[in-house]
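Each reported figure results from applying straightforward, stated rules to the coordinates on display, with no laboratory input. Owing to the predicted nature of the structure, the values given are computational and were not obtained by experimental measurement. Ideal geometry is used to build each Cβ from the backbone, glycine not excepted, and the neighbour counts take in all protein chains shown.
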Amino acid sequence: MCTVILHVPAESGAPAHVLAIRDEDPARAWDPPGPWWPESHPGVVGVRDARAGGAWLAADSARSRLAVILNRREVAGATQSRGEVVLDAVDGRRPAQPRTNGFNLVVVDREGARVTSWDGTSVRESVLEPGVHMIAHDDVDDPATPRIVRWLPEFAAAPPPAASAPWWREWMLLLEHSAELPPTDDRAIVRDNRPYGVETLSLLVCAATVGPEGVDLAYGELAEPGQWNRVRLVEPVR
């Protein structure tokens, strides 16, 4: 039940911006952004799932491409880790008939931004129009998702940061404001999903700029799963 907010620029050549909040079982170990796949995916940097070896989020700066995956529903008979889908996407391969549980795959590159959704029955791809979008466990900008209804208008209306501030400053302030809600509230972005039958809590935040010249990625972890603590994003990794 992760959350991604992204801005797709209207101007050709302008950078796209992505803010991604990961929800996962805290007992499932992960590695922070790094070049974890030097042989199979040289040049790719990402957040690695230490158990299965795939990625939750990955980027290839040389290709100016970033991919991040969000869970949808479970699929009977799934045999493949969703993390492999992310690495394939960064390499330019699109999922055809996945053997995974359901997902929303967000890809941002020089061609624009798109979301590929797999619900266990069919694969659908949506090209995102310019503007601010938000996605969680259902469809893009889904009016049936309480956190999208509550927060998408505010992210869309957030003022640009000062020239001396990182681009994500206003969005991170808004994320902090959203955390005034209890993490079990269905409108919350920083979440404790256990009351909904899912053993996941918000663990970390990534902010990325995807432009013609590459990808800049910043990362920070919550000190306590599911609890906001004014996450400090590290300087971009390139």
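Before moving on, here are some points about what is shown:
- Alpha-carbon centroid distance for the pair segment 158-193 / segment 101-126, whole angstrom: 24
- Each residue in Y196, Y219 was given a count of other beta-carbon atoms within 10 angstrom of its own, and listing them fewest first yields Y196, Y219.
- Computed from backbone phi with θ = phi - 60° and the Karplus coefficients 6.51, -1.76 and 1.60, the 3J(HN,Hα) list for segment 196-206 is 9, x, 10, 7, 10, 9, 5, 10, 7, 10, 10 Hz; x is used for glycine and proline.
- For the peptides 123-134, 99-110, the ranking by mean Cβ contacts within 10 Å, running from highest to lowest, is 99-110, 123-134.
- Couplings for segment 98-105, taken from phi via the Karplus curve 6.51 cos²θ - 1.76 cosθ + 1.60 with θ = phi - 60°, read x, 10, 10, 5, x, 7, 10, 10 Hz in order; Gly and Pro are left as x.
- At 1.306 mPa s and 10 °C, Stokes D of segment 108-211 from Kirkwood alpha-carbon radius, µm² per second: 102
- Amide H contacts of D25 (H built 1.01 Å from N, under 5 Å, at least 5 apart or other chain): L201
- Cα-Cα separations in the chain greater than 29 Å, expressed as whole percent: 20
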